[in-house]
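The values are calculated or read from the model by the stated rules, or taken from the named source; none is laboratory data. Given the structure is predicted, the values throughout are model-derived calculations rather than measurements. Here the Cβ positions follow ideal geometry from the backbone for every residue, glycine too, while neighbour counts run over all protein chains shown. Quick note on the areas: whole protein, heavy atoms, side chains included, nothing else; ligands and nucleic acids left out. Shrake-Rupley method; radii C 1.70, N 1.55, O 1.52, S 1.80 Å.
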Amino acid sequence: MLSAIPLFSSSAPEPADRGFDACGAPDGGADPFDSLLARLRQEAAPFSALWEMTHACNLDCVMCYNAPLAEPELSTAEGLELLEQLAAAGVLRLTLSGGEILSRRDFFTLAARARALGFALTLKTNGTLITEPAADRLAALDPVQVDISLLGATEATFDAVAGSRNTLARVLRGVRLLQARGVRVKLNTLLLSLNVAERQQMVDLAQELGVVYEQVLKVSADDHGRDRAGQRQLSRQQMTAVYQADQTPFQPAARGASSRTCQVGLSSCVISPYGEVYPCIELRISAGNIRRQPFGEIWRTAPVLHELRARHTYGNLPECQVCPINGYCQGRCSGLAWKAHGDLYGADPTACRQAQARYEQQHPGQTAPQTPLQARAAYQATALPLPATGRRQPIQLLAA
């Protein structure tokens, strides 16, 4: 699973991709679907949910943010009850994710019930376990889309990222089995120092396959706050180069005090394998647990959701609202800010670097200004240490 900034879309004649998650600011415009989503967000209606069905996985990706707990995951009966509660609450779009969804033995039992309840299903899988029988059963679910990660254009690179062997060949087999059955596939690439040299090759491969495709930059700490892959995050210079190679149009945003950096808490949420309900993938502050409280009650009453709905705007982001390049920021994330320094309303260090990279792509030859977060960090790094008394003494000026 990826918290993402889109960089590239396939030119293949595919319908528009509707992600429905909380990442990103609203697009606006007169599109009827966007207008519907805006109304649902205004009413805090739970339109979309992502259920992490399991933390089990047959791969060991270097950037995986899952942190398995020493407790049982939701049982089949608990999963079926969760689906009933989501449907009763009005959820329309359901994403089933992992771990690896096909690692769960009752996956098709649960997914079939979700489809029978009328959810628009998106499935997230690494693709390596898709056999012909599995592809038949996945196609029978009639999903809106199946998301699969493309983490390299060569076996060596893909294997280095995924901690596996022959990964690319297995992924491509899974993609083609789904395509042969008319299933819409989207490929997602998290660009890392390990695979960025193959960026264009992956673009070419996606175009050859004729799939929807997205490349993203943001590396996340795991759910316990451990930075497993931070050293694999692209440098600012590499980010700038990626933006320069990308052909997606960009227009700096005009933001005011009521603008939001994302839609967290408004119409979507995440449910963990253990029943915890979170505002989003990155923000692991529990709103409640469906083993102890019905989903509908959690959605209506959870303090963290009310807090985010009421206050998660630029007017309450002291550093972001005065940032000289906030119009270039596409990925400020309250979850990553909270993981970095425990502040829901602080700046997100990765988003700051991305905004600088986007500024430099838009203004060739110019160096992007520092963000307030970076300026504060630089000051704290160079500030004189306090004396033993704990107080700094005034500087004595020499007499003229």
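Residues in the stretch 149-159 that are among the small types (Gly, Ala, Ser) and either touching a Pro at 6+ places or on another chain (Cβ under 7 Å) or farther than 17 Å from residue 57 by Cβ (or both): 152, 153, 156. Go through the stretch 84-100 and give me each residue that's farther than 24 Å from residue 157 by Cα, free of Cβ contacts under 8 Å to residues at least 60 places away in the same chain and surrounded by fewer than 22 Cβ atoms within 10 Å (Cβ to Cβ). Those that are farther than 24 Å from residue 157 by Cα, free of Cβ contacts under 8 Å to residues at least 60 places away in the same chain and surrounded by fewer than 22 Cβ atoms within 10 Å (Cβ to Cβ): 84, 87, 90, 92. Looking across the stretch 34-77, the residues that are among the acidic types (Asp, Glu), open to solvent by less than 60 Å² (accessible area, probe 1.4 Å) and out of contact with any strand residue (DSSP E or B) (no Cβ under 6 Å at 6 or more places or on another chain) come down to 34, 73. Residues satisfying the criterion are absent from the stretch 337-351 (criterion: under 23 Å from residue 220 (Cα atoms) and at pLDDT 95 or above).
Screening residue 284 on (1) free of Cβ contacts under 8 Å to residues at least 12 places away in the same chain; (2) in contact with a Phe, Trp or Tyr (Cβ under 9 Å, 6 or more places away or on another chain) shows it passes everything except condition (1).
Residues in the stretch 78-107 that are out of contact with any strand residue (DSSP E or B) (no Cβ under 6 Å at 6 or more places or on another chain), closer than 20 Å to residue 293 by Cβ and not in a loop (DSSP other than H, G, I, E, B): 78, 79, 80, 81, 82, 83, 84, 85, 87, 88, 89.
Of the listed requirements (1) of a type outside the set (A, V, I, L, M); (2) closer than 28 Å to residue 47 by Cα; (3) out of contact with any Ser or Thr (no Cβ under 9 Å at 6 or more places or on another chain), residue 163 misses just one: (2).
Considering the stretch 355-373, the residues that are under 18 Å from residue 317 (Cα atoms) and touching a residue at least 24 places away in the same chain (Cβ under 8 Å) include one that is surrounded by the most Cβ atoms within 10 Å (Cβ to Cβ), namely 355. Could you look through the stretch 278-291, keep only residues that are in contact with a Gly (Cβ under 8 Å, 6 or more places away or on another chain) and in a loop (DSSP other than H, G, I, E, B), and pick out the one that is surrounded by the fewest Cβ atoms within 10 Å (Cβ to Cβ)? Residue satisfying both the conditions and the ranking: 291.
This table checks each residue for (1) part of a strand (DSSP E or B); (2) crowded, with 17+ Cβ neighbours inside 10 Å; (3) in contact (Cβ under 8 Å) with a residue 60 or more places away in the chain; (4) of a type in the set (Lys, Arg).
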{"residue": "109", "(1), (2), (3), (4)": "no, no, no, no"}
{"residue": "112", "(1), (2), (3), (4)": "no, no, no, no"}
{"residue": "118", "(1), (2), (3), (4)": "no, no, no, no"}
{"residue": "123", "(1), (2), (3), (4)": "yes, yes, no, no"}
{"residue": "126", "(1), (2), (3), (4)": "no, yes, yes, no"}
{"residue": "130", "(1), (2), (3), (4)": "no, yes, no, no"}
{"residue": "135", "(1), (2), (3), (4)": "no, yes, no, no"}
{"residue": "143", "(1), (2), (3), (4)": "no, yes, no, no"}
{"residue": "148", "(1), (2), (3), (4)": "yes, yes, no, no"}
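Out of the strands (runs of 3 or more DSSP E) lying entirely within the stretch 172-277, which hold 3 or more residues that are open to solvent by less than 20 Å² (accessible area, probe 1.4 Å), on the phi < 0 side of the Ramachandran plot and among the aliphatic types (A, V, I, L, M)?
Numbers: elements: 185-190, 212-216, 268-271.
By residue number, 185-190.
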